[in-house]
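Heads up, the thing below is written out as structure tokens.
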Amino acid sequence: NKAAKEMKERVNQLVGESGNDVWVSTFHSMCARILRRDIEKLGYSRSFTIYDDDDQSSVLKELYKTLNIDEKNMNPREVRAKISDAKNRLLGPDEWFMESSRDFRSQQFHDLYSAYEKKLRHSNALDFDDLLVRTLELFADHPPVLESYREKFQYVHVDEYQDTNFAQYSLVKLITHKSRNLCVVGDDDQSIYG
């Protein structure tokens, strides 16, 4: 966020008032902005809450009790990371389970993940990863919304491209599919993904 803010200031200094029309942001803040405008199409209210790590942990602790799962057998931090990984790979609970070993532990995680998703929806809340997942869902389910952003974003530049995950890549691919005007900057030496 700090780097995006600094870049936005530099753009405004270079091009003046027209810089206000340029979106300079992180993937997550861009998606939050899109969702604040159109999330009602997915059955959420525009006043949705974005859960941070503490909120997520609170929800999971409540679900551990409800589902009678012992935290010693399934570390909440590990579960949060696993949910995040699944969402970044665009896998819901059922899709994740189909890729798993389908053992008892996988079933417990599936049950937690499913209950977690229901709890968030019931609370009109998204976690950080949902910002991308729900934006992709919005674009898939409502092509006119996607088309409006394709028109708006004629040129897309992605910095630190080596750090993009599958959900972010999918978002960039969707938005630039029509214009094909994409510039990415990355550093192979900093890549943490295969």
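Things worth noting here:
- Matching residues in the range 6-23 - criterion: being in contact (Cβ under 8 Å) with a residue 12 or more places away in the chain and open to solvent by 80 Å² or more (accessible area, probe 1.4 Å): M7
- Every condition in (1) closer than 22 Å to L171 by Cα; (2) within 17 Å of the chain's Cα centre (by Cα) is met by G43 except one, and the failing one is (2).
- In the set (1) in contact (Cβ under 8 Å) with a residue 60 or more places away in the chain; (2) open to solvent by less than 90 Å² (accessible area, probe 1.4 Å), T26 fails one condition alone, (1).
- Any hit, the range 97-113, residues being within 21 Å of A32 (Cβ to Cβ), open to solvent by 50 Å² or more (accessible area, probe 1.4 Å) and among the aromatic types (F, W, Y): no
Okay, residues lined up against (1) touching a Lys or Arg at 6+ places or on another chain (Cβ under 8 Å); (2) of a type in the set (G, A, S); (3) in contact (Cβ under 8 Å) with a residue 24 or more places away in the chain:
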residue	(1), (2), (3)
T49	no, no, yes
D54	no, no, no
L67	no, no, yes
R80	no, no, yes
P93	no, no, yes
L112	no, no, yes
L132	yes, no, yes
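- Within the range 1-48, the set of residues being part of a helix (DSSP H, G or I) and of a type in the set (F, W, Y) comprises just one member, F27.
- Being in a loop (DSSP other than H, G, I, E, B) and open to solvent by less than 30 Å² (accessible area, probe 1.4 Å) holds for only one residue in L146, L91, and it is L91.
The values are calculated or read from the model by the stated rules, or taken from the named source; none is laboratory data. Please read all numbers here as calculations on a predicted model, not as lab measurements. Positions of Cβ are backbone-derived with ideal geometry, glycine not excepted, and every protein chain shown enters the neighbour counts. Calculation scope for accessible area: heavy atoms of the full protein, side chains included, ligands and nucleic acids excluded. Shrake-Rupley method; radii C 1.70, N 1.55, O 1.52, S 1.80 Å.
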